[in-house]
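The values are calculated or read from the model by the stated rules, or taken from the named source; none is laboratory data. Everything quoted here is computed from the prediction, not taken from an experiment. Ideal geometry is used to build each Cβ from the backbone, glycine not excepted, and the neighbour counts take in all protein chains shown. The area values use the complete protein model at the heavy-atom level, side chains included, leaving out ligands, DNA and RNA. Shrake-Rupley method; radii C 1.70, N 1.55, O 1.52, S 1.80 Å.
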Amino acid sequence: MAEKKADIKKKSGMKRAVSVGAVLCTLIVGASSALLFRGTQETIVRLEAQIAFMEEDCVPLRFEVVRRDADEIEIAAAAYDCTTGRRTGESRTFVLRGEELFVDFQIIRLSEKDYVFFPSGLYTDTMAMQDAEKLFSLYDDNGFPSIYKGLAETLSGAERAEVESQLSQYFDMIKNGWQGSSSGQFGTSVHDLKSVAQFKQGFTYKVLCHPHTGGMEIVKE
């Protein structure tokens, strides 16, 4: 029992936010993996097959640091199609008070080598995670995550409809705050610290996601 409590305490400690001394803005990407698989297994396998053909990395989100003060940051964010690289809609400006910026993603693991990514929110060290500025409106196309529009367009007919339906169900699940497994749901949820980066005013950064490893990194453009 003592070992179990120690293990739980160790895992809890891994979920704590990272503090970066003099760094004004810090990005921490939160991830939920192995989420609920809805729909038929055949549809899931079909979606896995489509993800398998994706490049080694994709960029679903870019943001520019418009302004950065001692206790406030202003950024302009936009979503991009993971397959075509095209911007999926208008950019949005966010102004947040705080010294550290957190960009939250949800990740669904389809298999050991296939993952899908959903930008979910922005918050700072002075905000609670549940009060995050939501990013879903950047790529919500009538309930479909438009960052995967190019992926769905590689199919036709019933196969395309099935894949679009599966992605829409995952998207709806995440938008409604699903954070992990519970009674009747498959898998577990892990809030993981994926990347830390310092941001400079006037620069644009992209979130580089790796659909075959589930990894993420922030790259200055």
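Data for the structure
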quantity: Single match in 96, 61 (criterion: under 18 Å from residue 125 (Cα atoms) and open to solvent by less than 20 Å² (accessible area, probe 1.4 Å)); calculated: 96
quantity: Residue count, the stretch 78-96 (criterion: within 17 Å of residue 152 (Cβ to Cβ) and outside any strand (DSSP E or B)); calculated: 8
quantity: Residues being under 19 Å from residue 75 (Cβ atoms) and surrounded by fewer than 19 Cβ atoms within 10 Å (Cβ to Cβ) - total across the stretch 141-157; calculated: 0
quantity: The stretch 181-221, subset on the phi > 0 side of the Ramachandran plot and modelled with pLDDT of 50 or more, residue farthest from the chain's Cα centre (by Cα); calculated: 202
quantity: Those residues of the stretch 110-121 which are over 19 Å from residue 146 (Cα atoms) and not in a loop (DSSP other than H, G, I, E, B), in sequence order; calculated: 111
quantity: Considering residues of the stretch 130-147 that are in contact with a strand residue (DSSP E or B) (Cβ under 6 Å, 6 or more places away or on another chain) and more than 16 Å from residue 89 (Cα to Cα) only, the residue modelled with the lowest pLDDT; calculated: 132
quantity: Condition check for residue 114: within 28 Å of residue 153 (Cβ to Cβ), touching a Cys at 6+ places or on another chain (Cβ under 9 Å) and among the acidic types (Asp, Glu); calculated: no
